[in-house]
Amino acid sequence: MKTPWALACLLSVGIVVPVAAENDSLVKFDGGIGVIPVSNVAVAANGTVTVTRNIVRDSNPAGQIWVINALKASVATDGRIRIRGRGLLLGGGNNIGFTNNASVFATLYCGPATAFTAHSTDKVVGVPLEPNGDFRIDDVLNPAPPADCASPILLIRNLAGSWFAAGIPKLDDDDD
């Protein structure tokens, strides 16, 4: 008779743990934007051309356009981060449609553009992109993010630090 009670306890713990894990969510991202290295080109009356690079927080853009088909990410309050990306590929140049054998890591920025903090996964090793541009990051951000991550920005970066893609913040808890 003790066995059914023990089984019921184990099953109830299995039900409670995922709910608790959901409540420790700091921020989520659903969708991705590939990098366009140039954010503005201005031509002065005298013919001088000024090109503005697409720098986000302290990260320079990759030198070429990159595209991403899908990105989902969640960051827990303890800094655990889980990212699933699909189709992160070069969107221009002679290697269009390929990964250039890149490895990537993630950086979460919290705070406004004038006073932000950066929290990154392992930027020494990173994770290699699959030939089709898919990747998974399961890591812990260092340093851990604050309990409230204002103005969150998630960048997928190469090992040199340039950004390839950005996550789109999920502002509600809907799963659709």
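Rule-based calculations on the coordinates, nothing more; no lab input. Keep in mind it's a predicted model, so treat the numbers as computed, not measured. Counting neighbours? That spans all protein chains shown, and the Cβs are built from the backbone with ideal geometry, glycine included.
Below, the figures for the structure above:
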| quantity | calculated |
| --- | --- |
| Against the rule of thumb 2.2 N^0.38 Å, how large the Cα Rg of segment 78-119 comes out | 1.62 |
| Debye, to nearest 20: dipole size of segment 56-176, +1 on Lys, Arg Cβ, -1 on Asp, Glu Cβ | 400 debye |
| Cα gyration tensor category, rounded, prolate or oblate, for segment 92-140 with a/c compared to 1.5 | oblate |
| Burial ranking of peptide ranges 64-74, 34-44 (average Cβ count within 10 Å, highest at the top) | 64-74, 34-44 |
| Overall form of segment 46-176 per C-alpha gyration tensor (a/c, 1.5; a/b vs b/c) | oblate |
